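Here the structure comes first, spelled out in C-alpha cells, and everything after it is commentary.
The values are calculated or read from the model by the stated rules, or taken from the named source; none is laboratory data. Predicted model, so just to flag it, every value in this text is computed and none were measured. Here Cβ is always computed from backbone atoms with ideal geometry, including for glycine, and neighbour counts include all displayed protein chains.
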Amino acid sequence: MSTKGTKIPDRLQIPFAGITPAPSQEKGQDLFPTGNWRSIRPVYRDKLPPCNNACGTNEKIQGYLDLVKRGKYLDAYALIKEDMPFPSVTGRVCYHPCEQACNRGKYDEAISIRAVERFLGDLGQALTRDVVTAGKPNGKKVAVVGSGPAGHSAAYQLARLGYQVTILEKSPKAGGLNRGGIPDWVLPQDVLDREIERLVELGITIKTSVEVGKDVSWDDLKKDYDAVVLAVGLTEPNSVRAEGENKEGVFYGLPFLRDVGMGASKVKLGARVAVVGGGNTAIDCAREALRQGAIEVTMITVESNAAEMPASPEDLHDMLEEGVELQHGYAVTEVLGNGRVEALQLHPARFSGAINASPINVDREAKPERFHVDNVIIAVGQRAAIGWLPNEFKTERGTIKIDRFGRLGNTNFFAAGDIVQVGSGQPLMVVNAVGDGKRVAFNLDKVMRGESLEPRTIPVDVIFDLNRMNMTYFPHFPRVQQEMLPPNSRRKTQQEVIQPFSEEQAVEEANRCFSCGTCNACDNCYLVCPEPCIARPARSNGLYKILVDYCKGCRVCIEECPTGCLEGVPELDFDTGVVRMDTAFAISPGLHGRQAEELKKLGERAAKNI
Amino acid sequence: MATVSAAKKKTVRINGCVAAAQAAKYADVDVIAAYPIRPYTATMMALAQMVANGELDAEYIVADSEHSQLSISHGASSSGARVFTGSSGVGVQFAYELYSPISGSRMPVQMMIADRTLDPPGDFGSEHTDALSTRDMGWLMGWSCDAQEAFDNHLMAYRIGEDPRVLLPQMVCQDGFFVSHITGDVELPDSGQVKEFLPPYKHPYPLDPRHPVSHGPQIMPEQGPPLQLERARAMEDSMAVIEEVHDEFAKIFGRRYDPWVEEFMTDDAEVVFFLQGAHGVTARFAIQHMREKGLKVGLVRLRTIRPYPTDRVKEVLSKFKVVGVIETNMGLGSVSSGGVLYGEVCAALYESDRRPLVLSFMAGMGGEAIVLKEFYWMTEKMMEVQKRGKIEKRTHWVGFED
C-alpha cells in the first residue's frame, strides 16, 4: 500500500479534491483563491497630477476641474478653498506654474486652469456666506505680521484650525503685495476687498497702520501672543546704484504701484517714461505707466533679449501689444538732469554668469548712450526691512533665518512668504507665498499641539508620462481662450484686461482635463470588465473597487483606464514566493486612499446568502 | 428520479450492451451522455428507448463528440447527478483529456466500455487496448465476461465509486461483440433489491447555487502533491470497499463474485492462463477438454485491474509452475514487447519466493476469437516451458507460430 504511513502536513491540508467554499464565502480564499489564476491584480492607485504638484500651494486642480465638469461649482470652490484662501485673486494674478506643468501641454494645449479658478473664485465672491468656517476655538492667540499673500494664507488656515488670529498690517489698508504690487487692471480692488472681508468673517482681527519695530516690538509679540507668523514681505526697493538716482522724477517699482493701488499716488508722469528692469514688476510698471499718462514707455533691461527676461511670457506679450518698447543689454549708469531727471546714461552691460543670478558687468569703456526721458521707474527687485528682528534670526542675505519647517529656532515664531523665499531659487510668486503661509500655519499648529515636525515620507508619484495613460480616449481639442480688451483701448484704462470665462467656457475647458493618474468616475473599468468584477455603489470618484474574488487578472480594465489610475500589481512576490492577498486597495493619498479603510473591511462582512 | 417502479425479479435474454443499459436503468441514473460509436452504441440505443417510453426519467444528452460526452458527464456529476456514459475504441481515446480531471475532482462518473480495436485500420473487433490505455488515470476498472456479469458489475461499480470513502469514476468494461453482442440469460433484479443495495448518489460538495463552492481551482505547485496523494489513497482505500460491496451484493442478489480474480480448475493446476474478459468463457471449455486428457491446466481471470490486486495476484499465481498471460491488448515495445498485462503480472510476482515462469500470448488481437485449438497450442507451449524449466521465448504471437 503506497499511501500507508503517509502524512499531509497541516499547512498543506487540502479540502476534499480541492473543492473549496466559493471565494465569496467564509474561508473561501484560504487555499484556492480564484485569484491564483492571476499574475497581477488591478489596483486603483491615484497618482499626483503634475498641475497639483507644480502649484505653489498644491491646489487639488484635477479635483476641482472634475467637479466643474459635473456642474458642481460650489464643491469645486470648496475644494480650492482647502489650499487657497483667495481663488478670485490667484485666478487673475497667478503665473500658473500648473499650466506650464499640464500634461495636456505636451499633447495640444495646456488647460486654462487659471481661468477656471477665477470662474470659481468669482462664484465664491458672490456668496453671501463663504463655504469656509472658523475652527472650534482652541484659546490660542496668533499674530500674523503682514497681510500679503503669505500672511493672508497663514491667517486663513490658522483661523480654520481654531486660532484667534490678529493680523498686523503696516499700511492703512490690508492686502500687502496683493494690493500694493498688483495693478487694478489685473486685480480690481473690490475683488481683494471682498477677500479681506472673508478673513474678518472668519473672526480674524485686522489691525492696519501697525508697524512691527515701530508700533509693536519683538518682545510685545512674544508677550501678547502664543505664536507669531512673520509674513512681512520685501518692502524696500533695490537701487540700480547709479549716480543721481535721487533726482526728482525717479520712482521705484513697487512703491509706484503701491501708491497707485492705495490711491495715495500724486504721481504725474511725463510723455517719455523708462522702466529699468526685466521682471514681472517691471512689466506691470511699464503697463501702469501707460495708464498713468505716459505716451512712450521703454523698458531697459540688462538681459540681452526678451527670452532671458524673468517674466511671464503672456504678460510680456500683452505689454508689447500695448506698445511698450524694449531696449536690451543696457545698464543705467547715471541719472542725468538738473535736479529733475532729463535723461539716462546707459552703458552696455550683461550678466557676468548665469542670467539674473550673477553680478552685472558694465562696459564703461564703451561710448555711453543718452536716453531722453521725462520719468524713470526703477524695478529691479526688493529687499527686506527687518531691522527690528533679533540678530540671531537674520541671515547674511538680510532675510529671516528659519528651519525647513519655517520656524525660527525653537521659538513659536514662524516666517513665510517672500521674506524667506527670496534668494531660495524659487520664483517669487503669490501662489508660492500662499503655499508657504499654509504650510507654516500647519507646522505652527503642530508645534502648538506638542507634535513633532517630521518631513513628509510618503513618496509622491507624479504622473508626467503620457504613456501611463490611454491617450486614445482623448481627442485633440483646442484651449478655450479668455477674451481680452483690445490693446489700443485698454492702455488708457484701469479696466480689467483679461475677461472672465462664462460658465459654458469654464465647463468646456474643464472637460479637456485628462485627470492625469486620478479616478474621475469615467466608468470605463466598470464597462470593459468582462466579468462582473468591478463594483461601485455609485458612479463617483474613488468609489470603484475590484472584487478580487472574481478578477482573473486579464488587465483589460488597466489597459483601458484613460487616466492611468488603475495599475497592475504583481500577485506573486517572486522573491519570497508569497502570494500577496493584501494589495487589493493600495493606500495612497488619492481618492481611493481615502476609501481604503472602508474597503479593507469588506472581507469582514458576512457573505451574501445566495 | 425514482422510475423503476416495483419491477419484479425476472430473467431475460439480452446481450451485454442491453445488460449495461438495464443496469443504468436500475441504478436510476439522472444524466446520460451519449455519442455513438460501435459496438457500444446499442447501449445508448436501449437507453434512448427507455427514456422515450417513460421507463427511465433521465436527461439524455446527445453530445457532439466523446470529449463533450465526458465533459457533460463531469459537469453533471459535479452538480450531484448520477451519470452514465460510454464509448468504444478510438472514442475512448478522444475523451482522454477528461479522465484525470474527473477522477481528480473525485466525480463518480460511470463509463461503459465495449472494447474495440484502435485504428488503424477501422476494425470493430474487441481488443482491450482502448480502455487499458487509460488504466492509470484514477478510474476503477474491470472486465466482465458475459452479460450477467456486466449487469452486476455496473450496479456494483456505482455502489463502490459513490462510496464516500472512494468517490472515483468507474470504467465497466466488456468485450465488444463477445459480450456486447452475444445474448445470454440475465437475471434482472427486483427493484426493491436495487434500492436496498444502491443508495441515492450524494456528493458531499456538489455545485449548488444555494451553497456555492469552487470545483477544480487553480492551485500552487505545492498544493498538487497532497491532492495526488489523496487520490492515491482513495484508490487504495477502495479495495476494502470493493470487497465489502461484493459481499453485500452476494447477500442481496445471490450471486457471489470474487472481486479480484476468478479461479477455474486451479486446485491442482500446474499451468494456468491469466486473462481478462470474454475469452475466459472459451478458456473454461478448453480447460475442461484438456483436463479430460489429464493436463493440469487452469484459469485465473482478472476481474478488477484498477485498483490492481497485487498481493492477491502474487498469492494466487505463486501456486503454479507456469503462467500464460493472454493479453488481448497492445503494448508495443513494452516489457514483453507484447501486451501490458505481462508487466503487471511479473511485477506482482517479483516479491514471491515461488515465482512461476511467465509467458505472454498475443491472442484475441483485433477482435479475433481465440478458438479452442489455440488454447490447446498455448497449453502445449506452457507445458514445454514447465518441462524445460526456463523461458526461451517470452512472447508468442498465437496463430503466427508453429
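Count of segment A:346-358 residues, restricted to those that are buried (at least 18 other Cβ atoms within 10 Å of the Cβ) and touching a residue at least 40 places away in the same chain (Cβ under 8 Å), is 3. The set of residues from segment A:60-94 being over 18 Å from A:Gly437 (Cα atoms) and part of a loop (DSSP other than H, G, I, E, B) comprises A:Arg70, A:Gly71, A:Lys72. Quick check: anything in segment A:522-530 exposed (fewer than 13 other Cβ atoms within 10 Å of the Cβ), in contact with an Asp or Glu (Cβ under 6 Å, 6 or more places away or on another chain) and not in a helix (DSSP H, G or I)? Within segment A:522-530, not a single residue is exposed (fewer than 13 other Cβ atoms within 10 Å of the Cβ), in contact with an Asp or Glu (Cβ under 6 Å, 6 or more places away or on another chain) and not in a helix (DSSP H, G or I).
For segment B:157-169, a residue qualifies if it is in a helix (DSSP H, G or I) and touching a strand residue (DSSP E or B) at 6+ places or on another chain (Cβ under 9 Å), and the qualifying residues are B:Ala157, B:Tyr158, B:Ile160, B:Gly161. Among the residues of segment B:338-382, those that are surrounded by fewer than 16 Cβ atoms within 10 Å (Cβ to Cβ), free of Cβ contacts under 8 Å to residues at least 40 places away in the same chain and more than 21 Å from B:Ala269 (Cα to Cα) comprise B:Ala347, B:Glu351. Scanning segment B:319-333 for residues that are in contact (Cβ under 8 Å) with a residue 12 or more places away in the chain and assigned to a loop (DSSP other than H, G, I, E, B) turns up B:Lys319, B:Phe320, B:Lys321, B:Glu327, B:Thr328, B:Asn329, B:Met330, B:Gly331. List the residue pairs whose Cβ atoms are under 7 Å apart, where the first residue sits in segment B:203-216 and is free of Cβ contacts under 8 Å to residues at least 40 places away in the same chain and within 17 Å of B:Glu162 (Cβ to Cβ), the second is in a loop (DSSP other than H, G, I, E, B) and of a type in the set (A, V, I, L, M), and the two are 6 or more positions apart or on different chains. Listed by first residue and then by second, the contacts come to B:Tyr205/A:Ile19. Could you check, for segment A:363-373, whether at least one of its residues is in a loop (DSSP other than H, G, I, E, B), under 27 Å from the mean Cα position of the chain (by Cα) and in the same structural domain as A:Val276 (by TED's automatic domain parsing)? No, segment A:363-373 contains no residue that is in a loop (DSSP other than H, G, I, E, B), under 27 Å from the mean Cα position of the chain (by Cα) and in the same structural domain as A:Val276 (by TED's automatic domain parsing). A single member of B:Glu292, B:Glu236 is within 14 Å of chain A (Cβ to nearest Cβ) and at pLDDT 95 or above, and it is B:Glu236.
Of the candidates A:Leu316, A:Leu320, A:Leu290, the single residue that is part of a helix (DSSP H, G or I) and closer than 22 Å to A:Pro255 by Cβ is A:Leu290. Screening the candidates B:Ile61, B:Ile14, B:Ile32 for the property of being in contact with a Phe, Trp or Tyr (Cβ under 8 Å, 6 or more places away or on another chain) and either free of Cβ contacts under 8 Å to residues at least 60 places away in the same chain or within 22 Å of B:Gly192 (Cα to Cα) (or both) yields one hit, B:Ile32. Using the structure shown, decide if B:Gln288 is surrounded by fewer than 19 Cβ atoms within 10 Å (Cβ to Cβ) and of a type in the set (S, T, N, Q). So B:Gln288 passes the test. Being surrounded by fewer than 18 Cβ atoms within 10 Å (Cβ to Cβ) and modelled with pLDDT of 75 or more is the filter; apply it to segment A:16-52 and report the residue that is farthest from the other protein chains (Cβ to nearest Cβ). Applying the filter and picking the extreme gives A:Ile40.
For segment B:203-220, the condition of being more than 10 Å from chain A (Cβ to nearest Cβ) and either closer than 30 Å to A:Lys4 by Cβ or surrounded by 16 or more Cβ atoms within 10 Å (Cβ to Cβ) (or both) holds for none of the residues.
Filtered by the rule that a residue be at pLDDT below 90 and acidic (Asp, Glu), segment A:444-458 gives a lone residue, A:Glu454. Does segment A:266-273 contain any residue that is within 29 Å of the chain's Cα centre (by Cα) and surrounded by fewer than 16 Cβ atoms within 10 Å (Cβ to Cβ)? No; the residues of segment A:266-273 include none that is within 29 Å of the chain's Cα centre (by Cα) and surrounded by fewer than 16 Cβ atoms within 10 Å (Cβ to Cβ). Total residues in segment A:463-484 satisfying the condition of being buried (at least 16 other Cβ atoms within 10 Å of the Cβ) and either over 15 Å from A:Ser515 (Cα atoms) or β-branched (Val, Ile, Thr) (or both): the figure is 4. Determine if segment B:318-328 includes at least one residue that is farther than 28 Å from B:Ala240 by Cα and under 23 Å from the mean Cα position of the chain (by Cα). Checked against the condition, which is being farther than 28 Å from B:Ala240 by Cα and under 23 Å from the mean Cα position of the chain (by Cα), segment B:318-328 yields at least one hit.
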